């Protein structure tokens, strides 16, 4: 029986020391195109550090930070546009920060690993909501097993809602 390989990516909580790096990433053209003003986003990430509804994470590859990932529970926020999803659903937002790593398969690979960890903990569904114009992200999410389940317009704009279901879990509306 082959030995189990160690996970390729490490997910760790954002700390104060990550903010200069996050600020640089949020100002990179490939990230800035899809996120709001960098200073506003940094403030929101800082607030999320103490939140029960959002978990801001840094993704590391071989000990080097490469991406920002946040997981959120749409049922813990008043009037969240995805509160109609099954109880236990978690949403994700992802940005590969380092420009030279975009288009290298890291987005789909790290999402697949993270989602498997969530499913092992019992999460029934994971959702993600790219802008419909962000074709690169949509392709990466499809490679990670997401499928489109509808379109949404909210305070965050117009998005393609995509989901990946835990085949082991029970989904209830």
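Which of the residues belonging to the range 18-38 are over 18 Å from residue 101 (Cβ atoms) and at pLDDT below 90?
Matches in the range 18-38: 36, 37, 38.
Looking at 81, 99, 65, which is the one that is at pLDDT below 90 and more than 20 Å from residue 153 (Cα to Cα)?
None of the others qualify; the one that does is 99.
How many residues are within 24 Å of residue 166 (Cβ to Cβ) and surrounded by 14 or more Cβ atoms within 10 Å (Cβ to Cβ) when one looks only at the range 117-138?
12
Which one of these does residue 111 not meet: (1) farther than 15 Å from residue 162 by Cα; (2) in a helix (DSSP H, G or I); (3) in contact with a strand residue (DSSP E or B) (Cβ under 8 Å, 6 or more places away or on another chain)?
The single condition residue 111 does not satisfy is (1).
Report the residue count in the range 77-108 for those that are in a helix (DSSP H, G or I) and under 20 Å from residue 41 (Cβ atoms).
3
Restricting attention to the range 145-153, does a residue exist that is in contact (Cβ under 8 Å) with a residue 60 or more places away in the chain, part of a helix (DSSP H, G or I) and surrounded by 14 or more Cβ atoms within 10 Å (Cβ to Cβ)?
Checked against the condition, which is being in contact (Cβ under 8 Å) with a residue 60 or more places away in the chain, part of a helix (DSSP H, G or I) and surrounded by 14 or more Cβ atoms within 10 Å (Cβ to Cβ), the range 145-153 yields no hits at all.
Considering only residues that are in contact with a helix residue (DSSP H, G or I) (Cβ under 9 Å, 6 or more places away or on another chain) and either surrounded by fewer than 18 Cβ atoms within 10 Å (Cβ to Cβ) or assigned to a loop (DSSP other than H, G, I, E, B) (or both), which ones fall in the range 154-168?
166, 167, 168
Could you please give the count of residues in the range 143-165 that are at negative phi and touching a strand residue (DSSP E or B) at 6+ places or on another chain (Cβ under 8 Å)?
Count: 16.
State the number of residues belonging to the range 58-102 that are surrounded by fewer than 16 Cβ atoms within 10 Å (Cβ to Cβ), under 20 Å from residue 28 (Cβ atoms) and touching a helix residue (DSSP H, G or I) at 6+ places or on another chain (Cβ under 7 Å).
Number of matching residues: 1.
Show the residue pairs that are 6+ apart or on different chains and have beta-carbon atoms under 6 Å apart, the first residue being within the range 102-127 and modelled with pLDDT under 95, the second being part of a helix (DSSP H, G or I).
Close Cβ pairs (under 6 Å, with a partner that is part of a helix (DSSP H, G or I)) amount to 102/30; 107/140; 108/140; 108/143.
Which ones in the range 6-57 are in a strand (DSSP E or B) and either surrounded by 14 or more Cβ atoms within 10 Å (Cβ to Cβ) or over 15 Å from the mean Cα position of the chain (by Cα) (or both)?
Within the range 6-57, 9, 10, 11, 54, 55, 56, 57 qualify.
Counting only residues that are part of a loop (DSSP other than H, G, I, E, B) and within 18 Å of residue 72 (Cα to Cα), how many does the range 115-143 have?
Summing the residues that are part of a loop (DSSP other than H, G, I, E, B) and within 18 Å of residue 72 (Cα to Cα) in the range 115-143 gives 7.
The values are calculated or read from the model by the stated rules, or taken from the named source; none is laboratory data. Given the structure is predicted, the values throughout are model-derived calculations rather than measurements. Note that each Cβ is placed from the backbone with ideal geometry, even for glycine, and that neighbours are counted across all protein chains shown.
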